[in-house]
Every structure is written in C-alpha cells, then in structure tokens.
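Here's the structure, in structure tokens; my notes come after.
The values are calculated or read from the model by the stated rules, or taken from the named source; none is laboratory data. Since we're looking at a predicted model, the values are computed, not measured. Cβ: placed from backbone, ideal geometry, glycine included. Neighbour counts: every protein chain shown. Note: accessible area is taken over every heavy atom of the protein model, side chains too, but ligands, DNA and RNA are not part of it. Shrake-Rupley method; radii C 1.70, N 1.55, O 1.52, S 1.80 Å.
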Amino acid sequence: RRVVYALGLFLMACGLSAYPFATSYGVLIIFRLLFAVGAASAAAMMTAVLADYVVLEDKGKAAGYMGVMAGMGAVTAAVGFLKIPKLCDKWFEHEQWYTAQWGIAIMFASAAGALVLGTLVCCALAGTGEVQARNSQTHVRDLLRDGFAAAYRD
C-alpha cells in the first residue's frame, strides 16, 4: 500500500509539472489523466494506510486529523501556490527572459516539488506498524471474516 501511495503522489507531481508544457488540449488531457490516476490512488491509499498504522481505539481521532490535514492542503494551495505567479511577476518584472507563463510554470513546479517531498516522507517514515505487522501474518480469509463481522456488529 505504501508503494501505491508513494507512486500516486509521484504521478500527481509528474502531471502537475507537465501542465505548463502542454501544447494542445489533447496533450493537456493526457497530463490531466496522469494527475487523476495519481490522485485517485493517493486518495484511496490514504485511508488504507490509516488502517495499517492506527490501532482500532485511535482510528476515529486519526481519521479526524487526516481530514484536517487534507483540508489544510487545499487551503495551502489556495493561499500559497496560487499567489506564486503574481509574486513572480513582481520579482522578475524587469527581466527580459521572464513572461507570465514562467510564473505559472513555477507555481506548478512548486506544487510538484511539495508532492515529491511528500513522496519521500511517505517512503522514509512509513515503517511497519503494529496493525500492519499483525495483518501481514493473518490469512486474507480471516481478515475478510473479521471485517464482515465488524461491519455487521456496528
């Protein structure tokens, strides 16, 4: 799961960094699809990884923290990354090589860099959790039985 999560973040970074270089709508759609596949896998694995690393008693609290952090990511994008093109316009206004497209490219590259950093953190810090270690020794049939039993109990 950790590999799929990290790969999803990396695909998102690749898609974001490629956006400014799209030469047509078709190419942009291909880059957008690359980003979408990464976003879908990262979103799915976010909750799966939560199940691997958090014990049952703390799952509600951990899910709340995860939701807050996801929301903060959206706020960071709106407050931080979207202001980069205007900042670049100010900083590089007297440079002959600079055009507005460079500001947009720098914005997408910054967001992609944040995703690459997230990928590295995900790979470096995610060890084998107590729940993951227990699940790796349990047969899939037993995991399914326990999962359905828990669903019917609740």
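Worth pointing out:
- Only one of the listed residues (T76, T47, T119) is polar (S, T, N, Q), under 15 Å from the mean Cα position of the chain (by Cα), open to solvent by less than 50 Å² (accessible area, probe 1.4 Å) and closer than 26 Å to C14 by Cβ. That residue is T119.
- Only helices (runs of 4 or more DSSP H) whose full extent lies in the range 1-93 are considered here, and the ones with at least 1 residues that are farther than 18 Å from I104 by Cα and among the aromatic types (F, W, Y) are 2-18, 25-53, 59-79.
- Yes/no for Q132 being open to solvent by 50 Å² or more (accessible area, probe 1.4 Å), assigned to a helix (DSSP H, G or I) and either at pLDDT below 85 or aliphatic (A, V, I, L, M) (or both): yes
- Check on L28, at pLDDT 85 or above, touching a Cys at 6+ places or on another chain (Cβ under 9 Å) and not charged (D, E, K, R): no
- Taking the numbered list (1) loosely packed, with under 12 Cβ neighbours inside 10 Å; (2) assigned to a helix (DSSP H, G or I) in turn, A114 passes all entries but (1).
- Residue check: D52 meets all listed conditions (1) modelled with pLDDT of 80 or more; (2) buried (at least 16 other Cβ atoms within 10 Å of the Cβ) but one, namely (1).
- If you check Y19, Y98 for being of a type in the set (F, W, Y), open to solvent by less than 50 Å² (accessible area, probe 1.4 Å) and either within 24 Å of L125 (Cβ to Cβ) or at pLDDT below 85 (or both), only one passes: Y98.
- Screening V3 with (1) open to solvent by 40 Å² or more (accessible area, probe 1.4 Å); (2) at pLDDT 90 or above gives one miss only, at (2).
- Between K83, K61, K90, the distinction of being over 13 Å from the mean Cα position of the chain (by Cα), within 30 Å of A151 (Cα to Cα) and open to solvent by 80 Å² or more (accessible area, probe 1.4 Å) belongs to K61 only.
- Criterion: open to solvent by 40 Å² or more (accessible area, probe 1.4 Å), free of Cβ contacts under 8 Å to residues at least 12 places away in the same chain and out of contact with any Pro (no Cβ under 8 Å at 6 or more places or on another chain) - qualifying residue of V37, V27: V27
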